[in-house]
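The values are calculated or read from the model by the stated rules, or taken from the named source; none is laboratory data. Computed from a predicted structure; not experimentally measured. Don't worry about glycine lacking a Cβ; one is built from the backbone with ideal geometry, like all the others, and counts go over all protein chains shown.
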Amino acid sequence: MKNQYLLFISTLLFIIFSSFSNDKVVNDFCLRNIDGKMVSSKAYKNAKGLIVVFTCNHCPFAKLYTKRLNDLNTEFSKLHVPLIAINSMDTLIYEDETFELMQKRSKQEKYNFPYLQDGSQTVGKQFKAEYTPTAFVIWKINNKWVIKYKGAIDDNGEKPKIAISYISKMVNELLLNKNVSTTVTASFGCKIFYR
């Protein structure tokens with residue numbers, strides 16, 4: 001009985017994870033950055049890929065990752081894989097997610113990457129982002145952005161010194177022209193509620 005239960009759970013997890021296509025093409029997007037300027041994915045003409053992180057202001061779990069996001073952007077932007085953060089939270093439900101408070105948070109935390117507001121939530125829906133933080137590694141293939149990884153930033157939110165960075169691993173594999181060893185991991189944090 002126990003073996004049948006384990007087989008059922010394993011099969012269910014396989015179906016869930018295999019239903020996510022790691023080769024899903026995402027459309028170009030253009031969103032307002034905290035400096036008031038519009039940032040388009042089309043503007044990254046020399047990028048090999050992008051690290052796209054859905055995050056927000058109020059989520060305690062997302063707040064644990066500020067330094068790590070800055071570090072990832074510092075490390076990989078010089079290798080033509082910059083990081084972009086997107087806030088798709090509903091400002092009607094969460095008053096902490098206004099554009100002005102995004103600007104304040106970015107300044108306080110000294111973000112070294114764009115922090116974009118997805119007020120219409122169309123980009124979050126396109127990526128099927130569910131929680132903050134959730135990270136995507138998208139790669140430029142034939143001038144199209146293709147999702148190669150979706151999930152957690154690393155394996156330890158509260159202890160960064162011992163955390164294993166999934167993002168670093170996946171980006172480095174792609175930079176070596178390898179297939180990513182893991183396409184999906186479970187992300188958790190604060191739920192993104194879509195209108």
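Points to keep in mind about this one:
- Members of the range 87-101 that are over 12 Å from the mean Cα position of the chain (by Cα) and surrounded by 21 or more Cβ atoms within 10 Å (Cβ to Cβ): M89, E97
- Count - residues of the range 155-171 that are farther than 14 Å from I84 by Cβ and either at pLDDT below 95 or among the aliphatic types (A, V, I, L, M) (or both): 11
- Any hit, the range 127-138, residues being in a strand (DSSP E or B), farther than 15 Å from G49 by Cα and among the β-branched types (V, I, T): yes
- Pairs meeting the criteria (first residue in the range 172-195 and among the aliphatic types (A, V, I, L, M), second residue at pLDDT below 95, beta carbons under 6 Å, at least 6 apart or on different chains) are V184/F17; V184/F20.
- Conditions (1) surrounded by 15 or more Cβ atoms within 10 Å (Cβ to Cβ); (2) in a helix (DSSP H, G or I); (3) more than 12 Å from the chain's Cα centre (by Cα): number failed by V123: (3)
- Scanning the range 45-84 for residues that are in contact (Cβ under 8 Å) with a residue 60 or more places away in the chain and among the polar types (S, T, N, Q) returns a single hit, T55.
- A Cβ distance below 6 Å, combined with a sequence gap of six or more or placement on separate chains, defines the contacts here; from the range 116-129, residues that are closer than 18 Å to A152 by Cα reach residues that are in a loop (DSSP other than H, G, I, E, B) and polar (S, T, N, Q) in the pairs G124/S88.
- Taking every residue in the range 13-39 that is among the charged types (D, E, K, R) and pairing it with any residue that is modelled with pLDDT of 95 or more and part of a strand (DSSP E or B), at least 6 positions away or on another chain, the pairs with Cβ-Cβ distances below 6 Å are D23/V146; K24/I147; R32/M38; R32/Q117.
- Scanning the range 35-86 for residues that are assigned to a loop (DSSP other than H, G, I, E, B), of a type in the set (A, V, I, L, M) and surrounded by 16 or more Cβ atoms within 10 Å (Cβ to Cβ) yields A47, L64, V81.
- Looking only at the range 171-195, and only at residues there that are of a type outside the set (V, I, T) and under 13 Å from the mean Cα position of the chain (by Cα), the one that is surrounded by the most Cβ atoms within 10 Å (Cβ to Cβ): G189
- Condition check for P133: under 13 Å from the mean Cα position of the chain (by Cα) and over 21 Å from C30 (Cβ atoms): yes
- Inside the range 133-151, residues that are free of Cβ contacts under 8 Å to residues at least 60 places away in the same chain and in contact with a strand residue (DSSP E or B) (Cβ under 7 Å, 6 or more places away or on another chain) make up a count of 1.
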